[in-house]
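Input: a single structure, listed below in C-alpha cells.
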Amino acid sequence: MASKVYFWNLRASMKAPYDQRIHRLLERTGFAGHVASGELAAVKIHFGERGVTGHVQPLMVRPILAELTRAGARPFLTDASTLYVGQRGEAVSHAMQAALHGYDPLLMGAPVIIADGLKGASQVALPVHGGKHFKEAFIAADIAEADLLVSINHLKGHELAGFGGALKNIGMGAASKQGKMQQHVTTGPLVDEAACKGCGACVGICAAQALALLDGLDGKPHVLLNLDACRGCGACFLACKNGGLTINWQTDVAEFLERMMEYAAAVLLSRPKPSLHISFVTNVTPDCDCMGFSDAPICPDIGVLASLDPVAIDQAGIDLVNKAEPLWPSHLPKGLKAGQDKFLAMRPNLPPAMGLDYAEDLGLGSREYELVAL
Ligand code: SF4
Ligand code: SF4
C-alpha cells in the first residue's frame, strides 16, 4: 500500500511564514496524536562536521522542536559519535561542534545530548528480525531509550551509501561506535604494522581468536590477523589506542547497504510508537555532512518532506531530486538531463535501489508513496 509523504515546496509569505508551514506539514502526519504528555523525544539530527555548510540550519529546526513541545513532548537534539577522527568523535567535541553550528539550547528550546555517552561506549543491543547479517544491533543508548524518535535529515549524496536520507540518519547515525564498525567491517580490520606497538590489547578482546601476536622481522611483537576466523565484529578497533587497526573502507557496497538497513530496522521496528521522519531536500550536496567540506549542490532547493514511513520519504526525496534540473558546477557528469538518476550518475557502482528494496523486505516501509502537497 502506498504511504503518504507530505511535501512543502518552500514557498512562504507573511501570512503563512515558515513556522506555520512546518506546523501544517507535521499536523498532516498525525504524529502529535502519538505523543503522551512528558514523553522524552529524541530528535536525531546531523549537526554538520566542521567545514560543512549543507547541514540543516538550526532556525529551520526550531519550529519543529516547538511543535513537539506543544504536543506535550520534551524534545532533545541528539546524534551519536563517529568512527573517524573529526569534531564529533566524542561527546565534548561533538556538543561544541553543534554549538558552533548554532545549536544552542536556549535558542532551540531543547538541549543537545550526545546519545552514546562521553566516549561512545553507552549502547543498547536491539534485536534484528529477519536480517541476513545481524541478530542484534548496537544502538546509542539515549536514542534507544527515548520514548519517541523524530529523525530530521538533510537529503544529499553519500560517498559510500549513494545517498543520505531518513534510513541512513537512523541506521548509521543512531548506531554506537561498535554498531558503526559492524556495518563497515565486512572483511576484518586492516593491520598497520608500522603503527602496531605489539601491546596485545586487541588479541585479548577478540572472541573469535582471529588475532595473535608474532615476532616481526624487526624482532618486536606485531599483531597478525586470521581473516578466515574474523567475524567482522569491530571490537578490536576500540581496543587499539595506537592506530594499529584501521577500517577497510573498500567494503562491498550492496552488503554495506543491507547492514545499514538492518540497523535501521533494529531501531525503528523495536519502537512501540511510530517515528516521525522529516527530510530537507535543500542544499543537495554530492557528499555527506561528515566530509568536512560542502561542494556545490546537484539540483535547486526542492522542499521539505514529512512522513511516518522512512522508506517512502527516502524514495520520494530521491525521485524529486532526480526529476529536478541538474546544477553545475557539481560532481554531476556533464550533459546529464532532468529525469536521469543523479545519484547513480555520480557513483555508478551503486545497486540501483540503493538499499531501499532491502529496507522494504525488512518491513521498514513501502517504496510506493503518495506525495501530498500542502
Ligand atoms: S594492533 Fe593495536 S591493540 Fe593490537 S597489538 Fe597492535 S598496538 Fe596493540
Ligand atoms: S573484527 Fe572482531 S572478530 Fe575480527 S579481528 Fe577484530 S575483534 Fe576479532
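The set of residues in the range 198-212 that are within 13 Å of ligand 1 (Cβ to nearest atom) and out of contact with any His (no Cβ under 7 Å at 6 or more places or on another chain) comprises 199, 200, 201, 202, 203, 204, 205, 206, 210, 211, 212.
Report yes if some residue within the range 148-156 is touching a Ser or Thr at 6+ places or on another chain (Cβ under 9 Å) and over 30 Å from residue 346 (Cα atoms); otherwise report no. Among the residues of the range 148-156, at least one is touching a Ser or Thr at 6+ places or on another chain (Cβ under 9 Å) and over 30 Å from residue 346 (Cα atoms), which makes the answer yes. Close Cβ contacts (under 6 Å, 6 or more residues apart or on different chains) running from residues in the range 229-247 that are farther than 24 Å from residue 160 by Cα to residues that are outside any loop (DSSP other than H, G, I, E, B) and more than 9 Å from ligand 2 (Cβ to nearest atom) comprise 239/201. In the range 203-223, the residues that are more than 26 Å from residue 178 (Cα to Cα) and within 16 Å of ligand 2 (Cβ to nearest atom) reach residues that are modelled with pLDDT of 90 or more and part of a strand (DSSP E or B) with C-beta atoms within less than 7 angstrom, at least six apart or across chains, in these pairs: 214/224.
The number of residues in the range 213-244 being within 13 Å of ligand 1 (Cβ to nearest atom) and surrounded by 15 or more Cβ atoms within 10 Å (Cβ to Cβ) comes to 13. Taken over the range 39-96, the criterion of being of a type outside the set (A, V, I, L, M), under 15 Å from residue 278 (Cβ atoms), more than 13 Å from the chain's Cα centre (by Cα) and part of a loop (DSSP other than H, G, I, E, B) is satisfied by 57 alone.
Here residue 110 passes the criteria (1) touching a Pro at 6+ places or on another chain (Cβ under 6 Å); (2) touching a residue at least 40 places away in the same chain (Cβ under 8 Å); (3) more than 12 Å from residue 78 (Cβ to Cβ) except the one numbered (3).
If the condition is being among the β-branched types (Val, Ile, Thr) and either more than 20 Å from residue 229 (Cα to Cα) or away from ligand 2 (no atom under 12 Å from the Cβ) (or both), then the range 168-200 contributes only 170.
The rows are residues; the columns are (1) of a type in the set (Gly, Ala, Ser); (2) out of contact with any Pro (no Cβ under 8 Å at 6 or more places or on another chain); (3) exposed (fewer than 15 other Cβ atoms within 10 Å of the Cβ).
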position: 74; (1), (2), (3): no, yes, no
position: 77; (1), (2), (3): no, no, no
position: 80; (1), (2), (3): yes, yes, no
position: 91; (1), (2), (3): yes, yes, no
position: 94; (1), (2), (3): no, yes, no
position: 98; (1), (2), (3): yes, yes, no
position: 131; (1), (2), (3): yes, yes, no
position: 135; (1), (2), (3): no, no, yes
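In the range 256-285, which residues are in contact with a helix residue (DSSP H, G or I) (Cβ under 6 Å, 6 or more places away or on another chain) and over 24 Å from residue 124 (Cβ atoms)? Once the filter is applied, which keeps residues that are in contact with a helix residue (DSSP H, G or I) (Cβ under 6 Å, 6 or more places away or on another chain) and over 24 Å from residue 124 (Cβ atoms), the range 256-285 yields 279, 281, 284.
Contact map, the range 155-184: first residue in the same structural domain as residue 304 (by TED's automatic domain parsing), second residue assigned to a loop (DSSP other than H, G, I, E, B) and among the basic types (Lys, Arg), Cβ cut-off under 6 Å, separation 6 or more or different chains; pairs are 162/347. Annotation: of all residues in the range 286-305 being in contact with a helix residue (DSSP H, G or I) (Cβ under 6 Å, 6 or more places away or on another chain) and closer than 22 Å to residue 26 by Cα, the one that is surrounded by the most Cβ atoms within 10 Å (Cβ to Cβ) is 305. All conditions in (1) closer than 27 Å to residue 88 by Cβ; (2) buried (at least 19 other Cβ atoms within 10 Å of the Cβ) hold for residue 210, with the sole exception of (1).
The values are calculated or read from the model by the stated rules, or taken from the named source; none is laboratory data. A quick note: this is a predicted structure, and the numbers were derived from the prediction, not measured. Positions of Cβ are generated from backbone atoms using ideal geometry, with glycine treated the same way; all protein chains shown enter the neighbour counts.
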